[in-house]
Amino acid sequence: MKLAAFCDEDTAIGLQLSGIKTAFIPKNNLLELWHEITQNKDIGILFITEKIAEELEKELKEFRILNSLPIIVEIPDKYGRKPNHVDYVNHLIKKAVGIEVKK
């Protein structure tokens, strides 16, 4: 399984420099590209910017309920973290291990 990103061009460049080779950059086809990504069974972890996650809120929530892979990690874009961000990775850890991870 591989790592992939669903993000803007600037974030993709940074992630590619850190070793993530597959990046999906939406132009005008956000929903179409989302369906293409979710059909790809090779992706184990998908990094998605909070802005895109916000735009795909309904589809993302439904996908998380019905699927365990890929694990979707929401990351901030170059403008920083959104104030109402929910940390789903922390939620997954708490669900699996039973303890909450705090900074």
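Quick notes on this one:
- Residues of type aspartates and glutamates that LYS78 reaches as a straight line, Cα spacing below 12 Å, ignoring anything fewer than 8 places off in the same chain: ASP8, GLU9, ASP10, GLU50
- Cα centroids of region 58-80 and region 24-46: 11 Å apart.
- With the gyration tensor restricted to C-alpha atoms of region 3-76, the semi-axes of the equivalent ellipsoid amount to 18, 14, 11 Å, longest first.
Every read-out reported here was derived from the displayed coordinates using simple, explicitly stated rules and does not represent laboratory data. Computed from a predicted model, the values in this text were never measured in an experiment.
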